[in-house]
2 protein chains.
Amino acid sequence: MIELAILGLLKEQPMHGYQLKRELGEQLGGLWRVSYGSLYPSLRRLERDGAISSQGAAGTGARRKTVYAITDEGERLFLELLQEPPQEGQTEDTRFRVRMAFFRYLPPETRVRVLERRRQGLQDRLAEVKMHLRDPGTTDSYQRALMDHARAATEADIAWLTDLIRVERRTFEITAPVGEQRRASATLRRKERTG
Amino acid sequence: MIELAILGLLKEQPMHGYQLKRELGEQLGGLWRVSYGSLYPSLRRLERDGAISSQGAAGTGARRKTVYAITDEGERLFLELLQEPPQEGQTEDTRFRVRMAFFRYLPPETRVRVLERRRQGLQDRLAEVKMHLRDPGTTDSYQRALMDHARAATEADIAWLTDLIRVERRTFEITAPVGEQRRASATLRRKERTG
DNA sequence: GGTCGCTATATCGCCTCGATATATCGAACG
DNA sequence: CGTTCGATATATCGAGGCGATATAGCGACC
């Protein structure tokens with residue numbers, strides 16, 4: 001997940017670690033902040049895997065500024081991570097946010113697919129929460145309040161996504177030529193079963 | 001955080017690991033699910049620190065059922081963790097949820113204090129998000145949509161908390177005798193400066 | 001001229017997580 | 001009767017995330 005964010009920023013311009021940390025805070029609107037303990041090991045991994053290249057020097061001592069740039073392999077990896085299916089862990093919320101922050105690099109068709117997968121995930125979660133609310137075993141008022149709030153928040157999230165999807169589809173239909181449009185609609189209709 | 005949840009469940013009755021994992025999913029309404037990779041090491045730590053005690057046996061081979069029970073030290077630790085000040089990390093949301101699931105073990109006065117600290121944290125976050133929204137540098141429509149959604153969600157959370165606090169205060173004022181009430185109000189007014 | 005705070009890289013230990021290994025048990029099936 | 005399946009139950013592995021902290025050059029300010 002942090003790899004996706006790093007690659008997304010390096011796609012715009014080469015940067016050094018410290019700068020990446022700041023930008024990650026600003027670009028993503030404080031929605032997520034990385035720690036050095038995650039950042040530097042990730043840079044090592046990415047370089048090891050050939051997704052980024054470093055060119056050190058420029059500055060003495062602690063002012064070294066090891067500048068990292070994205071490679072072709074990195075560009076490929078970026079697009080792969082951007083479309084990756086949801087992993088359904090507890091970090092999935094953050095993962096989705098980071099992905100959406102770089103949506104502009106995906107074609108409208110793929111954007112809609114990612115958004116719909118996310119919505120499906122939330123609908124599953126909503127069903128689960130509702131089931132728990134129906135369970136008469138949970139009598140603790142605070143636990144019920146938590147669940148009810150989770151229900152409301154999830155419903156709001158779903159409504160927001162539905163709106164986004166609608167807007168995205170409209171852009172898509174205006175932009176795409178007729179042939180493209182029909183093929184894309186078929187894809188959209190098919191996706192529910194395959195996911 | 002997982003320690004708090006384990007202690008909270010063991011407070012009600014002794015349990016073995018597998019049972020704990022199930023209960024954590026049910027009791028907390030699917031708001032959080034623990035993995036074995038977190039559960040068993042945590043049980044080891046808690047036992048090492050004397051917060052829980054295990055009494056193995058009962059069953060042959062893999063059906064051992066190592067039953068864990070909370071100790072006096074565990075009860076002390078539980079209350080300490082339950083009131084612990086916010087750490088402001090990315091896991092703070094989950095931490096708050098787990099804490100609130102065991103609110104019944106805290107006196108109303110302390111509950112209000114925890115809720116208000118949480119609200120203050122969210123207000124800080126809201127201010128940050130709003131600042132980012134005001135920044136004209138962020139032109140990406142998806143990033144702006146994310147921030148605006150974060151704003152709305154945070155505002156909804158704050159409103160929810162405000163409501164909870166109001167209800168909690170009312171319960172408090174009805175329950176507490178006059179002397180208690182005055183002392184408690186002073187504590188509440190003082191808290192902003194000390195935190 | 002001292003010290004405060006920002007820039008910058010790096011590492012430590014602890015914890016979390018998903019996956020997986022291992023093994024027992026009851027029920028279901030033919 | 002055997003066997004196969006799924007639930008119960010404990011445990012560990014490697015990869016990775018996180019907060020704290022170390023180190024050190026640097027400009028600004030009084």
Helical contribution to [θ] at 222 nm, DSSP H n ≥ 4, -39,500 (n - 2.57), averaged over the protein assembly as shown, rounded to 500: -23500 deg cm²/dmol
For the range B:135-170 and the range A:1-44, what is the separation of their C-alpha centers, rounded to whole Å? 24 Å
How high is the FRET efficiency between A:GLN19 and A:ARG48 when r is their beta carbon distance and R₀ equals 25 Å, given to the nearest 0.05? 0.75
Ranked from highest to lowest mean number of other Cβ atoms within 10 Å per residue, what is the order of the peptides B:19-26, B:80-87? B:19-26, B:80-87
Local charge sum around B:LEU106 (other residues, Cβ-Cβ under 11 Å, Lys/Arg +1, Asp/Glu -1)? +2
What is the angle, in °, between the Cα long axis of helix B:72-83 and the longest principal axis of the Cα atoms in chain B? Nearest 10 is fine, range 0 to 90. 10 degrees
Evaluate the charge dipole of chain B about its Cα centre and quote only its size in Debye, nearest 20, assuming +1 on the Cβ of each Lys and Arg and -1 on the Cβ of each Asp and Glu. 220 debye
With +1 at each Lys and Arg Cβ and -1 at each Asp and Glu Cβ, the charge dipole magnitude of the protein assembly as shown around its Cα centre, to the nearest 20 debye, comes out at 60 debye
Measuring from a point 7 Å out along Cα→Cβ, what nm distances, shortest first, does A:ASP124 have to its partners in the other copies? 3.5
Work out the length of the dipole vector of the range B:124-163 about its Cα centre, built from +1 on the beta-carbon of each Lys and Arg and -1 on the beta-carbon of each Asp and Glu, and round it to the nearest 20 debye. 140 debye
Nm distances between the label at B:ALA152 and the same-position labels in the remaining copies, 7 Å along Cα→Cβ, shortest first? 1.5
Of A:LYS130/B:LYS11; A:LYS11/A:LYS65; A:LYS21/B:LYS130; A:LYS130/B:LYS130, which ones are farther than 22 Å apart at the Cα? A:LYS130/B:LYS11; A:LYS130/B:LYS130
Reduced Cα scattering model of chain B, Debye log10 I(q)/I(0), q = 0.10, 0.14, 0.19 Å⁻¹: -0.56, -0.93, -1.28
Using Cα springs under 10 Å in a Gaussian network model of chain B, which residue among B:LEU133, B:LEU39, B:LEU77 shows the largest mean-square fluctuation? B:LEU133
In nm to one decimal, list the spacings between the A:ASP49 label point and its equivalents in the other copies, with label points set 7 Å along Cα to Cβ, shortest first. 3.4
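Rule-based calculations on the coordinates, nothing more; no lab input. This structure is a prediction, so every number in the text was calculated from the model and none was measured. Positions of Cβ are backbone-derived with ideal geometry, glycine not excepted, and every protein chain shown enters the neighbour counts.
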